[in-house]
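These notes concern the structure reproduced below.
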Amino acid sequence: MKLASALQKYHFPENAQQLIGTFGIENLHPPQAEAIDKGVLDGKNLLMSVPTAAGKTLIQQIIDRQAEIA
């Protein structure tokens, strides 16, 4: 899953998309894509039990940005 398409799907404003784009990440890791598919950006609770460097922090940062624009 492309990060940009996920942000567009959830109607992140252009400035938020640009900010997250500065992270230099184009594609989500499978656990990140699964978290989004399972509804983490729809407000559903989720427990991610994945290894280091699997992308937990990015998901939290996206959730934080989403909360700021809500």
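The values are calculated or read from the model by the stated rules, or taken from the named source; none is laboratory data. Just so you know, these numbers come straight off a predicted model, no measurement behind them. Positions of Cβ are generated from backbone atoms using ideal geometry, with glycine treated the same way; all protein chains shown enter the neighbour counts. We work out accessible area using only protein heavy atoms, side chains counted, and drop any ligands, DNA or RNA first. Shrake-Rupley method; radii C 1.70, N 1.55, O 1.52, S 1.80 Å.
For a protection proxy built on the mean count of beta-carbon atoms within 10 angstrom, sort 52-60, 20-28 highest first, please.
Result, highest mean Cβ count within 10 Å first: 52-60, 20-28.
Among Leu19, Leu41, Pro30, whose Cα projects farthest towards the positive end of the dipole of the chain, with charges put on the beta-carbon of Lys, Arg (+1) and Asp, Glu (-1)?
Of the listed residues, the answer is Pro30.
Do the sum for the chain: with -39,500 (n - 2.57) for every DSSP H run of n ≥ 4, divided by all residues, what is the mean residue ellipticity at 222 nm, to the nearest 500 deg cm²/dmol?
Result for the chain: -15000 deg cm²/dmol, rounded to the nearest 500.
Report the one residue of Thr57, Leu7, Ile69 whose Cα lies farthest in the direction of the positive end of the charge dipole of the chain (charges on C-beta: Lys and Arg +1, Asp and Glu -1; origin at the Cα centre).
It is Thr57.
How big is the charge dipole of the chain about its Cα centre, in debye rounded to the nearest 20, if each Lys and Arg gets +1 on its Cβ and each Asp and Glu gets -1 on its Cβ?
120
Counting heavy atoms of the protein chains only and a 1.4 Å probe, report the per residue accessible area for the chain as a whole number of Å².
That works out to 66 Å² per residue.
For Glu68 paired with Asp37, estimate the spin-label separation in nm (one decimal), with each label point 7 Å from Cα along the Cα-to-Cβ line.
2.9
On a C-alpha basis, how far is the centre of the range 21-70 from the centre of the range 3-18 in Å? Whole number, if you could?
So the two Cα centres are separated by 13 Å.
Just Pro51, Pro30, Pro13 to compare: in a GNM of the chain, with alpha carbon springs under 10 Å, which one fluctuates most?
Largest GNM mean-square fluctuation: Pro51.
Can you give me the angle between helix 56-69 and the longest principal axis of the chain, using Cα atoms only, in degrees from 0 to 90, rounded to the nearest 10?
Approximately 30 degrees, to the nearest 10.
Can you give the Rg and Dmax of the chain based on its C-alpha atoms, in angstrom?
11.2, 31
So, with a 1.4 angstrom probe, what is the percent of accessible area on the chain that is carbon and sulfur?
Roughly 52 percent of what the probe reaches on the chain is carbon or sulfur.
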